[in-house]
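A.B. asks: Provided herewith is a single structure, encoded as structure tokens, for subsequent inquiry.
The values are calculated or read from the model by the stated rules, or taken from the named source; none is laboratory data. Keep in mind that this is a model prediction, so the values were computed, not measured. Here the Cβ positions follow ideal geometry from the backbone for every residue, glycine too, while neighbour counts run over all protein chains shown.
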Amino acid sequence: MPDQKIWERFLPPVPPPAFADPWEAAGDALAVLEPARRIDVPTWAETSPRQIASPGFTGAWRNSFAAYMVEPSRMTTSRKYGAVVFVGPARTSKTEPLILNTIGHRIECHPRDMLVVCSTQDVAKQFSERKLGPMLRATRALRDRQMRGRGADNIHEKKFAGNMNLQIRWPVIGYFSQNEYFDVLLTDYDRMPDDVDGEGSAFSLARKRTQHAGSQAMVVCESSPGRVIERDDWEASTLHEAPPCSGILAEYNAGTRGGFYWTCPHCRDPFRPLMERLHFERKSTPGETARTVTMICPNGCVIGADRKFELNSSGVWLHETNDGQSLVPIDDPAVRDTDVVSYWLEGPVAALQSWEQLVLRAEQGRIQFEETGDEGALKATTNLDGGRPYLPQIRTLGEQLAPATLKALSEAYPLRAAPAGTRFITVQVDVQPNRFVVQVDAWGIGLERWLIDRFDIHAPPADAPDAAGRSIDPPRYYEDWAALTALLDIAYPVTGTGFALLPRSIVVDLHGAKGTTDNAYHWWRHHRRAGNVGRCYVVRGRGGTDRERAVYKTPEKVQGTKRRRKSDLMIVEAGTDPLKDEVIMSLTRKDAGPGKYHLSDQLADSVFAEFCAEARTEAGWREIKSGLRNEALDLAVYGKAMSIVLKAERINWARPPAWAVDGPENSFAVAIEAGSAPAKRRMKTPKAKKETAPAAAPAPPPAARKAPAKPGWINRPGGNWISRR
């Protein structure tokens with residue numbers, strides 16, 4: 001092998017590398033030296049021009065489309081104010097001018113570090129891919145300034161000429177710590193937590209992250225309202241004050257409190273186009289009602305929906321003065337003294353939603369609430385369509401929720417008999433250390449219901465261990481659960497008919513003293529093997545105002561810390577707070593009809609007191625005083641949860657399922673034998689099998705089964721004494 005140096009003598013000489021092109025070497029960095037372009041955000045959006053590339057529209061940005069957003073977006077370059085807060089409904093087109101246009105303006109006109117905070121990690125990803133990405137690709141001025149190097153174009157981080165680093169994150173304290181930014185943009189603020197990892201609100205943390213920038217700092221915060229009103233008796237003390245709420249409206253109240261004003265095209269007086277200015281005539285369907293909508297100005301002038309674009313184009317923002325009793329433009333020296341400029345407008349102004357749609361959604365939410373008691377749709381349309389905070393209907397009752405009030409609303413109908421028109425019956429059971437508390441509801445069309453029976457089971461089954469020497473003890477003795485089996489065979493006569501109805505379902509609370517849950521599971525498994533799984537249920541209550549109302553599900557069991565496995569159980573999970581709202585609203589409804597909950601004047605006073613043992617707070621339902629019994633309220637909640645699980649809210653009452661048919665053809669109906677002697681008011685529990693399981697409940701019997709004829713007496717086998725309450 002020849003020596004390497006000798007071999008190299010025979011190779012042609014290698015020319016030295018060419019000099020680097022100075023522009024290629026330093027061109028990208030020179031953008032740092034460019035002075036900021038002194039134009040505001042709406043001017044940049046039209047002159048750049050910023051391009052929109054969405055499924056609904058492709059083309060250049062036009063400020064006239066949502067003219068009410070010009071002033072708020074102009075204020076994002078203000079040196080007087082350090083934050084812009086905007087409150088509006090979901091279809092206002094507020095994210096485009098306030099968030100996306102501000103990003104575009106900074107990229108081209110004033111590059112600097114920026115943080116965008118979305119409500120969750122998934123939403124941040126969607127924002128980057130579906131909103132920011134299309135804008136960057138469609139707008140040439142932005143596309144040309146985006147860096148191409150490694151790590152310059154990720155989902156959650158993008159880099160641009162001028163040493164601009166754009167972060168797209170979500171509200172965790174790590175993204176609000178250490179790093180400093182000139183701009184922090186908070187989008188959909190009311191879907192963020194009030195307290196970010198125990199360090200404070202996202203708005204206050206954002207202001208701290210920009211504090212170093214002095215008058216160049218800017219925090220932009222936009223959202224539709226999502227929090228409930230905190231005080232029932234609130235009245236505005238200034239012209240534009242918002243109700244007391246956490247979230248975006250709290251930040252609005254700390255600002256200049258701007259309101260958008262139209263000039264009436266008829267009387268020429270200015271007014272705020274609020275939701276209550278919409279006037280409509282209620283028709284037979286929400287669609288027909290919505291087509292009658294118009295706007296009525298304070299002087300009574302009728303304004304058609306065709307004038308909305310014209311009125312938006314000529315509208316103005318007026319802000320409060322320090323005393324809150326006068327209104328001025330934002331540039332007036334008398335404007336409220338604060339470093340936050342804030343804006344709030346409501347649904348009638350929104351460019352992307354018509355008045356007809358507003359009324360349609362509001363009517364649909366109202367009807368759903370009246371028919372089912374569920375105010376989820378009503379809250380959603382109030383927040384997202386109307387742009388207003390929500391006051392839960394239960395809190396409009398004031399002092400009405402009291403035992404005396406419920407007693408006064410009670411009605412003269414007999415217990416232990418179902419009213420005419422009953423379609424099905426449910427039984428709810430609460431488990432106490434020394435008794436089963438049983439409550440029975442009869443349900444009619446539209447889920448109108450009547451409480452028709454209430455009693456406690458105190459005595460254990462005759463063949464249970466030491467039955468003669470103790471009271472019932474459900475947590476300790478599984479054999480005592482055999483007392484519940486006979487409840488499936490109780491037939492309640494339907495007033496004015498020749499038949500009675502057996503319970504469609506029985507649901508038992510699985511919470512209680514230690515041992516209750518295991519015995520409740522054992523009881524349910526027994527009835528599953530006996531073929532009664534469609535009638536026997538166990539329920540677990542879950543607190544929290546944002547809980548799903550009711551769901552029938554298989555729970556997960558956690559094995560150690562790393563593995564989960566599915567249980568063989570099926571349980572009803574009831575959202576107790578929203579369902580208690582519905583129950584109390586249905587109890588205090590004065591008129592009969594869908595959703596009304598009737599109480600008999602024959603009920604014991606203690607039952608009325610149990611319905612009023614808790615009070616509604618901002619965090620949900622809490623007991624008024626420790627130790628008060630609340631079984632009636634809990635059992636009413638479990639009955640409502642069962643109606644949801646049975647899909648009774650979706651019943652077409654013109655063609656109901658067999659178990660909700662009106663008449664003796666009902667699959668749970670039994671015939672009443674004329675002239676038969678009434679049964680004694682005691683219950684005999686079927687003999688339990690000696691091994692462990694309670695006796696099985698029979699399947700729904702045929703209509704030929706006989707029951708006593710005399711109303712008020714129920715066909716119950718004799719055995720265990722029942723104390724009625």
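A.B. asks: Take the conditions among the aliphatic types (A, V, I, L, M) and at pLDDT 95 or above and apply them to Leu166. Does it pass? Before the answer, list the steps.
C.D. replies: Values: among the aliphatic types (A, V, I, L, M): yes; at pLDDT 95 or above: yes.
The answer is yes for Leu166.
A.B. asks: Quick test of your reading of the structure: Leu360 fulfils all but one of (1) hydrophobic (A, V, I, L, M, F, W, C); (2) touching a Phe, Trp or Tyr at 6+ places or on another chain (Cβ under 9 Å); (3) under 30 Å from Asp546 (Cα atoms); (4) outside any strand (DSSP E or B). Name the failing condition by number.
C.D. replies: (2)
A.B. asks: If you don't mind, there's one more thing I want to ask. Output the number of the condition that Gly259 fails; it satisfies all remaining conditions of (1) in contact (Cβ under 8 Å) with a residue 24 or more places away in the chain; (2) part of a loop (DSSP other than H, G, I, E, B); (3) farther than 24 Å from Val196 by Cα.
C.D. replies: (2)
A.B. asks: One residue is enough: does the range 194-204 have a residue meeting the conditions surrounded by 23 or more Cβ atoms within 10 Å (Cβ to Cβ), more than 23 Å from the chain's Cα centre (by Cα) and assigned by TED's automatic domain parsing to the domain that holds Gly82?
C.D. replies: no
A.B. asks: Within the range 490-524, count every residue that is surrounded by 16 or more Cβ atoms within 10 Å (Cβ to Cβ), of a type in the set (D, E, K, R) and not in a strand (DSSP E or B).
C.D. replies: Residues in the range 490-524 being surrounded by 16 or more Cβ atoms within 10 Å (Cβ to Cβ), of a type in the set (D, E, K, R) and not in a strand (DSSP E or B): 1 in total.
A.B. asks: What are the residues in the range 47-69 that are within 22 Å of Arg106 (Cβ to Cβ), out of contact with any Ser or Thr (no Cβ under 9 Å at 6 or more places or on another chain) and either among the aromatic types (Phe, Trp, Tyr) or part of a helix (DSSP H, G or I) (or both), if any?
C.D. replies: Thr47
A.B. asks: Quick check, is Gly162 in the same structural domain as Thr77 (by TED's automatic domain parsing) and free of Cβ contacts under 8 Å to residues at least 24 places away in the same chain? Give the derivation first.
C.D. replies: Working: in the same structural domain as Thr77 (by TED's automatic domain parsing): yes; free of Cβ contacts under 8 Å to residues at least 24 places away in the same chain: no.
No, not satisfied.
A.B. asks: Take Ala442 and tell me if it is among the small types (Gly, Ala, Ser), without any contact (Cβ under 8 Å) to a residue 60 or more places away in the chain, assigned to a strand (DSSP E or B) and buried (at least 24 other Cβ atoms within 10 Å of the Cβ). Give the derivation first.
C.D. replies: Working: among the small types (Gly, Ala, Ser): yes; without any contact (Cβ under 8 Å) to a residue 60 or more places away in the chain: yes; assigned to a strand (DSSP E or B): yes; buried (at least 24 other Cβ atoms within 10 Å of the Cβ): yes.
Judged against the criteria, Ala442 is a match.
A.B. asks: Let me ask another. Do the conditions hold for Gly421, that is, is it more than 28 Å from Thr517 (Cβ to Cβ), without any contact (Cβ under 8 Å) to a residue 60 or more places away in the chain and not aliphatic (A, V, I, L, M)?
C.D. replies: Criteria not met by Gly421.
A.B. asks: Now for a different question. Any residue that is surrounded by fewer than 17 Cβ atoms within 10 Å (Cβ to Cβ), at pLDDT 95 or above and in a loop (DSSP other than H, G, I, E, B) - is there at least one of those in the range 218-229?
C.D. replies: no
A.B. asks: Please determine whether any residue of the range 606-616 is free of Cβ contacts under 8 Å to residues at least 60 places away in the same chain and under 21 Å from Arg416 (Cβ atoms).
C.D. replies: Scanning the range 606-616, I find at least one residue that is free of Cβ contacts under 8 Å to residues at least 60 places away in the same chain and under 21 Å from Arg416 (Cβ atoms), so the answer is yes.
A.B. asks: Would you point out which residue out of Thr617, Thr554 is closer than 27 Å to Pro475 by Cβ and hydroxyl-bearing (Ser, Thr, Tyr)?
C.D. replies: When all the criteria are applied, what remains is Thr554.
A.B. asks: Restricting attention to the range 129-186, report how many residues are among the basic types (Lys, Arg), part of a loop (DSSP other than H, G, I, E, B) and more than 24 Å from Ser54 (Cβ to Cβ). Full working, then the answer.
C.D. replies: First, the residues of the range 129-186 that are among the basic types (Lys, Arg): 130-131, 137, 140, 143, 145, 148, 150, 158-159, 169.
Okay, now just the ones that are also part of a loop (DSSP other than H, G, I, E, B), so 145, 148, 150.
Subsequent filtering for residues that are more than 24 Å from Ser54 (Cβ to Cβ) retains 148, 150.
So the answer is 2.
A.B. asks: β-branched (Val, Ile, Thr) and out of contact with any Gly (no Cβ under 9 Å at 6 or more places or on another chain): is that true of Thr210 in this structure?
C.D. replies: No, not satisfied.
A.B. asks: So the check is Cβ under 8 Å with 6+ separation or different chains; which pairs have a first residue in the range 262-285 that's farther than 15 Å from Pro348 by Cβ and free of Cβ contacts under 8 Å to residues at least 12 places away in the same chain and a second one that's part of a loop (DSSP other than H, G, I, E, B) and not hydrophobic (A, V, I, L, M, F, W, C)?
C.D. replies: If the second residue must be part of a loop (DSSP other than H, G, I, E, B) and not hydrophobic (A, V, I, L, M, F, W, C), the pairs left are Glu281/Thr292; Lys283/Thr292.
A.B. asks: Being small (Gly, Ala, Ser), assigned to a loop (DSSP other than H, G, I, E, B), closer than 28 Å to Ser223 by Cα and touching a residue at least 12 places away in the same chain (Cβ under 8 Å) is the requirement here; does Gly324 meet it?
C.D. replies: Details: small (Gly, Ala, Ser): yes; assigned to a loop (DSSP other than H, G, I, E, B): yes; closer than 28 Å to Ser223 by Cα: yes; touching a residue at least 12 places away in the same chain (Cβ under 8 Å): yes.
Against the criterion (small (Gly, Ala, Ser), assigned to a loop (DSSP other than H, G, I, E, B), closer than 28 Å to Ser223 by Cα and touching a residue at least 12 places away in the same chain (Cβ under 8 Å)), Gly324 qualifies.
A.B. asks: Out of Leu345, Leu360, report the one residue that is closer than 20 Å to Cys264 by Cβ and either surrounded by 14 or more Cβ atoms within 10 Å (Cβ to Cβ) or among the charged types (D, E, K, R) (or both).
C.D. replies: Step by step, each of Leu345, Leu360 is checked, and only Leu345 is closer than 20 Å to Cys264 by Cβ and either surrounded by 14 or more Cβ atoms within 10 Å (Cβ to Cβ) or among the charged types (D, E, K, R) (or both).
A.B. asks: I've got another one for you. Within the bounds of the range 337-352, is there any residue that is among the hydroxyl-bearing types (Ser, Thr, Tyr), under 26 Å from Ala604 (Cα atoms) and outside any loop (DSSP other than H, G, I, E, B)?
C.D. replies: No, because not a single residue in the range 337-352 is among the hydroxyl-bearing types (Ser, Thr, Tyr), under 26 Å from Ala604 (Cα atoms) and outside any loop (DSSP other than H, G, I, E, B).
A.B. asks: Answer with yes or no whether Asp430 is in contact with a helix residue (DSSP H, G or I) (Cβ under 7 Å, 6 or more places away or on another chain), in contact (Cβ under 8 Å) with a residue 24 or more places away in the chain and either over 24 Å from Pro97 (Cβ atoms) or surrounded by fewer than 18 Cβ atoms within 10 Å (Cβ to Cβ) (or both).
C.D. replies: Judged against the criteria, Asp430 is a match.
A.B. asks: Given the conditions (1) surrounded by fewer than 24 Cβ atoms within 10 Å (Cβ to Cβ); (2) part of a helix (DSSP H, G or I), which single one is not true for Gly531?
C.D. replies: Checking Gly531 against (1) surrounded by fewer than 24 Cβ atoms within 10 Å (Cβ to Cβ); (2) part of a helix (DSSP H, G or I), the one that fails is (2).
A.B. asks: Is it true that some residue in the range 603-614 is assigned to a loop (DSSP other than H, G, I, E, B), charged (D, E, K, R) and buried (at least 19 other Cβ atoms within 10 Å of the Cβ)?
C.D. replies: No, the range 603-614 contains no residue that is assigned to a loop (DSSP other than H, G, I, E, B), charged (D, E, K, R) and buried (at least 19 other Cβ atoms within 10 Å of the Cβ).
A.B. asks: Still on this structure, please answer the following. If Ser215 satisfies all but one of (1) in the same structural domain as Glu71 (by TED's automatic domain parsing); (2) of a type in the set (Ser, Thr, Tyr); (3) within 19 Å of the chain's Cα centre (by Cα), what's the number of the condition it fails?
C.D. replies: Of everything listed in (1) in the same structural domain as Glu71 (by TED's automatic domain parsing); (2) of a type in the set (Ser, Thr, Tyr); (3) within 19 Å of the chain's Cα centre (by Cα), Ser215 misses just condition (3).
A.B. asks: Here's another thing I want to ask about it. Out of Leu415, Leu488, which single residue is over 30 Å from His522 (Cα atoms) and hydrophobic (A, V, I, L, M, F, W, C)?
C.D. replies: Leu415
A.B. asks: Now for a different question. Consider Arg257 carefully, then state whether it is at positive phi and surrounded by fewer than 17 Cβ atoms within 10 Å (Cβ to Cβ).
C.D. replies: no
A.B. asks: Could you pull out the residue among Val123, Val116 that is of a type outside the set (Lys, Arg), surrounded by fewer than 24 Cβ atoms within 10 Å (Cβ to Cβ), closer than 25 Å to Gly174 by Cα and out of contact with any Phe, Trp or Tyr (no Cβ under 6 Å at 6 or more places or on another chain)? It would help to see each step written out before you state the result.
C.D. replies: Numbers: Val116 fails: surrounded by fewer than 24 Cβ atoms within 10 Å (Cβ to Cβ).
Exactly one of Val123, Val116 is of a type outside the set (Lys, Arg), surrounded by fewer than 24 Cβ atoms within 10 Å (Cβ to Cβ), closer than 25 Å to Gly174 by Cα and out of contact with any Phe, Trp or Tyr (no Cβ under 6 Å at 6 or more places or on another chain), namely Val123.
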